[in-house]
Amino acid sequence: MKKGILQRISDSAVWRSIFRTGIPDTDLKRSMLIFNNFFLHIFPAKMKRHGLCFSFTFCLGGISCLLFIILTVTGILLMFLYTPSIERAYFDMQALALLFNGKILRNLHRWSAHGMVATVFFHMVRVFYTRSYRPPREFNWVVGIGLLVLTLALSYTGYLLPWDQLAYWGITVGTTIMTYTPFLGSYIRFFMLGADEVGHEALLRFYVLHCVVLPFFTGLLMAIHFWRVRKDGGISGPL
Amino acid sequence: MEEKKHPVFVKDPNKTYGLMEMVDGTSPMTEKRVEDTVETFPHYIILLTICTLAVTFILMIISLLFDAPLEELANPLVTPNPGKAPWYFTGIQELIHYTDKPVIPGIIIPICIVLWLFLIPYIDKKPGTKIGSFLNRIFIGGENRKVLLILFTAFIIGALIFTVIGALFRGENWNFVLPWK
C-alpha cells in the first residue's frame, strides 16, 4: 500500500525525534503519548471514567487554569503597551482603545480576570459540597484557599493600573478599609501604597505585584495544587 | 501441552516459580480489583480541547460585544458618589454601611472567614478523643456535617446577596437604588 503524505511525515526521522510515539493505535502507545509529552505528562495515562463526568467537577478548576493562561498571555502583551507611571498610564489605555486589537486585548484581560474570580470561588464551593477536602486531600484544600486569596489579590492590584476614576477610587475605598485594622491600620495602608495617598508609588507597587510577584506565587501554588491532585488520588471521585 | 503452545517459556529447573497463565487485559495493575478507567488519550484530551475552545470562543464573543470600562483620568479632587471598591469587595463595603464599627465587617469578619476556610478539612474529620467529638458536634454536626453545611451555605448566600446589593443596588450616598432606573 502506498504511504500517504501524513504517514510519511509522521514516520520521518525528524518527526520521530520530536514525537517518539507513532500513531497511537494501541493502548500502550496511547499511554506513551501522554507520558512522553512534556505538556501532557501532568495527566495520568488512564483516568477513572467518572472523572470525565461534567457534573462531578463542572470543569471549574480547569476553566480557572485556562483563564489564568489567557490572562498571562494577554497580560504579557499588554505589558508591551503600558507604562506604569501616572503621567502615561491612562493615556496608554486611551491609545489602546483606539486600536481594534488593543481593545480586544484589554477586554479579554478584563473579562477573563472577572471570570477567574468567579470560577475560582465556585470551584471552592463545588469542592466543599462534594466534601472533596477529606483526607488525604486536606492540604490541597489549603493550597486552594491560598490560590483564591491570590486570585483576589491579583485582580485587586490590576484594578488600579488603568489609572482612571474607577481605578483610583476603587483602590482608595479598598485601602481605606485596611486602615480600620486596630493599632496597625495606617501603617498597613502606608506599606501598601508607599505613601499616604494613592499616587505614583502605589501604581508602581501594584504594577510590580500584579505582573511579577503575585503571578509567580500563583504559578507556584498551581503547580503544587495539580501535583497534589495526582498524588492524592486523581481528580474527583471517592478514594 | 503448555510448553508446546508457548515454546518461548521453557521452565528453568533452578527457578522456584514459573509462568502460570496468560491473561488478556489493558492494565498492568495486579492484586487490585479492576478499576473503571479509560485512556486519557483520546477520551479526556478531546473533552479538554472542546472545553478550551468553547471557553476561549465565548470570551472572544464577550470581548467583542462589551468594552472594558475606562472612565475619566484619575483625579484625587473629584470624589465620585458613591465611591465603590471592585465588585468582589462591595459585599464588605455593604456590611460596613450597617455599622459604626467598621473594624468588625472590614477586618475581623474577612480574616475569620479565611482562617475558618483554611481549617475546614482539619475540623471535619473523625474525632479521636472525647473533646474532639464534643467540638465535632458543635462545629461540624456529626457524620453528615449538618452544622458545617448550614454555616457554609449561609456564608455563600450571604456573600452573594451582599455583593450583589453593594455592586448593583447602591447609588448616591449609598442609598438603595434599582440598577435598571
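Averaged across A:52-65, how many Cβ atoms of other chains sit within 10 Å of each residue's Cβ atom?
Per-residue shielding by partner chains comes out at 2.
Residues of the range A:87-116 with accessible area at least 40 Å² lower in the all-protein-chain context than alone (1.4 Å probe)?
By number: A:90, A:104, A:106, A:107, A:108, A:111, A:114.
In Å², and per residue, what accessible area does the range B:87-174 have when probed at 1.4 Å with the other protein chains present?
On a per-residue basis, 59 Å².
From the protein chains alone at 1.4 Å, what is the descending order of accessible area for A:141, B:180, largest first?
B:180, A:141
What pairs from A:29/A:231; A:3/A:48; A:231/B:125; A:29/B:125; B:101/B:126 go past 30 Å between their alpha carbons?
Cα-Cα > 30 Å for A:3/A:48; A:29/B:125; B:101/B:126; rest within.
Helix-derived [θ] at 222 nm for chain B: sum -39500 (n - 2.57) over DSSP H runs of at least 4, divide by residue count, nearest 500?
When only DSSP H runs of four or more count, the value is -14500 deg cm²/dmol.
Rolling a 1.4 angstrom probe over the protein chains, ignoring ligands and nucleic acids, what is the accessible area of residue A:213 in square angstrom, nearest 10?
Only protein atoms counted, so the area is about 50 Å².
Give me a single rounded figure for A:148-161: the average over its residues of other chain Cβ atoms within 10 Å of their Cβ.
The mean count of partner-chain Cβ atoms within 10 Å per residue comes to 2.
Would you please state which residues of the range A:185-217 a label at residue B:78 would reach in this model, taking the label point 7 Å out along Cα→Cβ and a backbone N cut-off of under 16 Å?
Within reach of a label on residue B:78: no residues.
Report in % the part of the accessible area of the protein assembly as shown that belongs to carbon and sulfur, leaving out ligands and nucleic acids; probe 1.4 Å.
70 percent
Could you work out the helix-only [θ] at 222 nm for chain A, with each DSSP H run of four or more residues adding -39,500 (n - 2.57) and the total divided by the number of residues, to the nearest 500 deg cm²/dmol?
The helix contribution divided over chain A gives -21000 deg cm²/dmol.
Computed FRET efficiency, Cβ-Cβ of residue B:172 and residue B:60, R0 41 Å: what is it to the nearest 0.05?
Here the calculated transfer efficiency is 0.70.
If the chain between residue A:54 and residue A:101 were fully stretched, how many nm would it gain, using 0.36 nm times the residue separation less the Cα-Cα distance?
Extra length from residue A:54 to residue A:101 when fully extended: 13.5 nm.
Return the FRET efficiency for the residue pair residue A:29, residue B:138: r is the Cβ-Cβ distance, R0 is 60 Å, and the value is rounded to the nearest 0.05.
Efficiency, rounded to the nearest 0.05: 0.60.
The values are calculated or read from the model by the stated rules, or taken from the named source; none is laboratory data. In this text, all values refer to a predicted model and were calculated from it rather than measured experimentally. Positions of Cβ are backbone-derived with ideal geometry, glycine not excepted, and every protein chain shown enters the neighbour counts. Please note that ligands, DNA and RNA were not included when accessible areas were found on the heavy atoms of the full protein model with its side chains. Shrake-Rupley method; radii C 1.70, N 1.55, O 1.52, S 1.80 Å.
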